[in-house]
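See below for the structure under consideration.
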Amino acid sequence: MPPRKIQNEQEAIRWIEEGKTYAWIVEKYKEKYGIETTVPMWSTFRRRKGIEPRVVRDTNLIPWKIAKEHMLAYPLVMLRSEARMRAGEELKGRAASKLQSWKNMLEETNQVVYYDRDTEDGFFYVPREDSDTDLIRRPKGGLRPQSED
């Protein structure tokens, strides 16, 4: 039987609950224990221990089915940060100032985020209309599942 990769479950649970990223945990385990782990391994560990996912889902801010090639687009990153902030999470590092600068840009230019998954860029800034009540242009056809499997 191979040795267990997780040396201290309570430590790992604490790190996850503190909001340490899986990438951080992978590096810390390599540094502290000399053990190679993976991001999916930590995600599985979190799920098996019944720890809530830390991804905040906000279909009011991200109501679209996002194509894989658009998952790292800056407007989506900012919308996810805004969702975390609205859910009461503290944004770490420079995330709060980046978000505020981005929201200021939207306000100063009187724009909102529009998403079209069938385009190369996916996300666009478009002029705000009277019907726009948040940071985004809501899809006309209703809500769709959030991400492609």
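The values are calculated or read from the model by the stated rules, or taken from the named source; none is laboratory data. Computed from a prediction, not measured in an experiment: that's the story for all the values here. No Cβ is skipped: glycine too gets one built from the backbone with ideal geometry, and neighbour counts run over all protein chains shown. The area values use the complete protein model at the heavy-atom level, side chains included, leaving out ligands, DNA and RNA. Shrake-Rupley method; radii C 1.70, N 1.55, O 1.52, S 1.80 Å.
Would segment 101-114 turn up any residue that is in a loop (DSSP other than H, G, I, E, B) and at pLDDT 95 or above?
Checked against the condition, which is being in a loop (DSSP other than H, G, I, E, B) and at pLDDT 95 or above, segment 101-114 yields at least one hit.
Is it the case that residue 115 is under 17 Å from residue 136 (Cβ atoms) and loosely packed, with under 12 Cβ neighbours inside 10 Å?
Details: under 17 Å from residue 136 (Cβ atoms): yes; loosely packed, with under 12 Cβ neighbours inside 10 Å: no.
Taking the combined requirement at face value, the residue does not satisfy it.
Which one of 54, 144 is part of a loop (DSSP other than H, G, I, E, B), touching a Gly at 6+ places or on another chain (Cβ under 7 Å) and either modelled with pLDDT under 90 or among the aliphatic types (A, V, I, L, M) (or both)?
Values: 144 fails: touching a Gly at 6+ places or on another chain (Cβ under 7 Å).
Checking each option against the conditions leaves just 54.
Quick test of your reading of the structure: residue 11 fulfils all but one of (1) more than 12 Å from the chain's Cα centre (by Cα); (2) closer than 30 Å to residue 138 by Cα; (3) outside any loop (DSSP other than H, G, I, E, B); (4) not hydrophobic (A, V, I, L, M, F, W, C). Name the failing condition by number.
Condition (2) is where residue 11 drops out.
Regarding segment 64-80, can at least one residue be identified that is part of a loop (DSSP other than H, G, I, E, B) and at pLDDT 95 or above? Even if it seems obvious, please write down each step before you answer.
Quick first cut of segment 64-80, residues part of a loop (DSSP other than H, G, I, E, B) only: 64-65, 67, 71-73.
Narrowing further to those that are at pLDDT 95 or above: none.
For segment 64-80, residues part of a loop (DSSP other than H, G, I, E, B) and at pLDDT 95 or above: absent.
Applying the selection to segment 29-69, what residues are open to solvent by less than 50 Å² (accessible area, probe 1.4 Å) and closer than 25 Å to residue 118 by Cβ?
Applying the first criterion (open to solvent by less than 50 Å² (accessible area, probe 1.4 Å)) to segment 29-69 yields 29, 35, 37, 41-46, 51, 56, 58, 61-64, 66-67.
Listed by number, the residues that qualify are 58, 61, 62, 63, 64, 66, 67.
Only residues that are surrounded by 12 or more Cβ atoms within 10 Å (Cβ to Cβ), within 19 Å of residue 91 (Cα to Cα) and modelled with pLDDT of 85 or more: list them for segment 1-23, please.
Passing the criteria: only 15.
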